[in-house]
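A quick write-up on the structure given underneath.
The values are calculated or read from the model by the stated rules, or taken from the named source; none is laboratory data. Just so you know, these numbers come straight off a predicted model, no measurement behind them. Here Cβ is always computed from backbone atoms with ideal geometry, including for glycine, and neighbour counts include all displayed protein chains. The area values use the complete protein model at the heavy-atom level, side chains included, leaving out ligands, DNA and RNA. Shrake-Rupley method; radii C 1.70, N 1.55, O 1.52, S 1.80 Å.
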Amino acid sequence: MKINIHRSATNKVLAGVIGGLAEHFQWDPTLARVVFVILAFTPFFPGIIAYLLLWILMKAPE
């Protein structure tokens, strides 16, 4: 199962997952990364698992 969002080829730090989400939803990539890191450290959001799942499900950069 692949979702119809691509990882970013140009705006990436690790795998381009957050950059791809930011490009798709037209968000500021830096703000999206800050929000993700803050959520990743809360006990209700398993950030590393979510990032790995998105890395697997998102299509490779074009």
What longest range of the chain stays clear of loop-exposed chymotrypsin sites (Phe, Trp or Tyr not before Pro) (DSSP non-H/G/I/E/B, at most 12 other C-beta within 10 angstrom)? 1-40
Rounding to the nearest 10 and keeping the result within 0 to 90°, find how far the Cα-based axis of helix 47-57 lies from the longest principal axis of the chain. 20
1.4 Å probe accessible area per residue over the chain, in Å²: 73
Binned at 5 Å from zero, the C-alpha pair distances of the chain give percents of 4, 20, 29, 27, 15, 4, 0
